[in-house]
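No value in this document is a laboratory result; all are computed from the given coordinates. Remember, predicted model here, so these are calculated numbers, not experimental data. Note that each Cβ is placed from the backbone with ideal geometry, even for glycine, and that neighbours are counted across all protein chains shown.
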Amino acid sequence: MLSRLQKYALAVFILLMSADLVISSYGVLYFPGFTEANALFARFVAYPLKFITIVGLTKLLVIAGLIAATLWFNQRERAGTPWHGGDILCSTAAIGMGAMMFMLVV
């Protein structure tokens, strides 16, 4: 199972990933000059529904992978140990996504 810290960090991460998808979807649908910063997805901007689908599915895969990796660490490490792998993964993901969203807004 997930610890309280992991649940909160995952919730923040999922919320920020969802906000990023909403912002990108709005931009690709309503702003003709919209550009995608990620070069892997930039080629799909000309096809809005394809872009939204690919970005959304990619985000879902990242979230599922993060949860799977966290559960894997939780099975192999004792809870409460310093530098617990699941805590590090979830915290880093939430902080990293928060920093990216901050830069997007600023």
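Just give me the residues in region 4-42 being among the polar types (S, T, N, Q), within 23 Å of Thr92 (Cβ to Cβ) and either surrounded by 13 or more Cβ atoms within 10 Å (Cβ to Cβ) or under 13 Å from the mean Cα position of the chain (by Cα) (or both), in sequence order.
Result: Gln6, Ser18, Ser24.
Might you check whether a residue that is in contact with an Asp or Glu (Cβ under 6 Å, 6 or more places away or on another chain) and within 22 Å of Val105 (Cα to Cα) occurs anywhere in region 43-64? Checked against the condition, which is being in contact with an Asp or Glu (Cβ under 6 Å, 6 or more places away or on another chain) and within 22 Å of Val105 (Cα to Cα), region 43-64 yields at least one hit. Leu57 meets each of the listed conditions (1) under 25 Å from Lys7 (Cα atoms); (2) surrounded by 11 or more Cβ atoms within 10 Å (Cβ to Cβ) apart from (2).
Every listed requirement among (1) free of Cβ contacts under 8 Å to residues at least 60 places away in the same chain; (2) at negative phi is met by Trp83 save one, (2). When region 23-45 is filtered for residues that are closer than 14 Å to Gly56 by Cβ, part of a helix (DSSP H, G or I) and among the aromatic types (Phe, Trp, Tyr), the ones remaining, listed by number, are Tyr26, Phe41.
Go through region 64-81 and count every residue that is surrounded by fewer than 16 Cβ atoms within 10 Å (Cβ to Cβ) and closer than 26 Å to Val22 by Cα. Looking only at that region, the number is 4.
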